[in-house]
Amino acid sequence: MARLTRAESAARTRQLLLDAAEKVFADRGFTDATLDQIADEAGFTRGAVYANYANKAELFLALLDRWLADDIAEGRDLRDRHGTPEATIEALRGHGGNRFADRRRYLLITEFRLYALRHPDIADRLREYEKASRQWYRTAVAEAFEQAGLTPPAPADTIALMVLALENGIATLSHADPEAIPQHSFLDGLQLLTEALTALAKTREAENPQGERKRSRRRRSAPES
């Protein structure tokens, strides 16, 4: 087997540290987990952790980034395989119904958000993660309306924020009362929101057909990529 380059070895070390961190954080929570425990789980020394992450919070933020990257990749795969927003939403019912349906992951993210609110330097970094989440949803909203040939009835940023708030809110309510509020209630709400926004967009197009004709001409005249 060929020897790993220095960059490949460093990437492998970070991967193993994140795998270990995910397990230790899930078992002990963010506050009670220690870097020594994570290093032991990964089979490294504490120094190996510090060589890659400044502190426990930075390690957890890297784990959040990995979760988000995995969620984005899974979302794109479902969209590509199922095509329409309606079909994609239905397919998500077989994937937990909510990104925060896993109770241990939900508790971890909630615990870390509370921690970040008390530590402004960490809150700044957490905002980057939250911004990336909104940007992902914003892109998905814009692409869905473009695919339908409609103009969103509200800014894509606003719609994305509504969807993200709905997802987080349903996760909180469901973990508190799972029998009354299943996690897939988020998808029920998302389906209803999609139908309402689509109907509103179509109504506005019907009231302003000239605007639609202008958009159609722009689409036809746009250069092919």
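Which helices (runs of 4 or more DSSP H) sit wholly inside segment 1-99 and have at least 2 residues that are modelled with pLDDT of 95 or more and under 27 Å from residue 136 (Cβ atoms)?
By residue number, 6-32, 56-82.
If you go through segment 78-94, how many residues are among the polar types (S, T, N, Q) and loosely packed, with under 14 Cβ neighbours inside 10 Å?
Residues in segment 78-94 being among the polar types (S, T, N, Q) and loosely packed, with under 14 Cβ neighbours inside 10 Å: 1 in total.
Hey, can you tell me all the residues within segment 2-19 that are within 22 Å of residue 104 (Cα to Cα) and in contact with a Phe, Trp or Tyr (Cβ under 8 Å, 6 or more places away or on another chain)?
Listed by number, the residues that qualify are 16, 17.
Restricting to segment 1-35, and then to whatever is surrounded by fewer than 12 Cβ atoms within 10 Å (Cβ to Cβ) and among the acidic types (Asp, Glu), can you tell me which residue is farthest from residue 66 (Cα to Cα)?
Going through the qualifying residues, I end up with 32.
Can you tell me which of 117, 126 is outside the structural domain of residue 26 (by TED's automatic domain parsing) and free of Cβ contacts under 8 Å to residues at least 12 places away in the same chain?
117 is the lone residue from the list that is outside the structural domain of residue 26 (by TED's automatic domain parsing) and free of Cβ contacts under 8 Å to residues at least 12 places away in the same chain.
If I filter segment 193-225 down to residues being part of a loop (DSSP other than H, G, I, E, B) and loosely packed, with under 11 Cβ neighbours inside 10 Å, which single residue comes out as modelled with the lowest pLDDT? It would help to see each step written out before you state the result.
Going through segment 193-225, the residues part of a loop (DSSP other than H, G, I, E, B) turn out to be 208, 222-225.
Filter again for loosely packed, with under 11 Cβ neighbours inside 10 Å, leaving 222-225.
Numbers: 222: 46, 223: 49, 224: 45, 225: 38.
The extreme case among them is 225.
One line per residue, one yes/no per condition, for (1) under 25 Å from residue 202 (Cβ atoms); (2) buried (at least 19 other Cβ atoms within 10 Å of the Cβ):
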{"residue": "70", "(1), (2)": "no, no"}
{"residue": "96", "(1), (2)": "no, no"}
{"residue": "102", "(1), (2)": "no, no"}
{"residue": "111", "(1), (2)": "no, no"}
{"residue": "119", "(1), (2)": "no, no"}
{"residue": "125", "(1), (2)": "no, no"}
{"residue": "131", "(1), (2)": "no, no"}
{"residue": "138", "(1), (2)": "yes, yes"}
{"residue": "170", "(1), (2)": "no, yes"}
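With modelled with pLDDT under 95 and either under 18 Å from the mean Cα position of the chain (by Cα) or part of a helix (DSSP H, G or I) (or both) as the only criterion, which of 190, 161 stands out?
Exactly one residue qualifies, and that residue is 190.
The values are calculated or read from the model by the stated rules, or taken from the named source; none is laboratory data. All values reported here derive from a predicted model rather than from experimental measurement. Here Cβ is always computed from backbone atoms with ideal geometry, including for glycine, and neighbour counts include all displayed protein chains.
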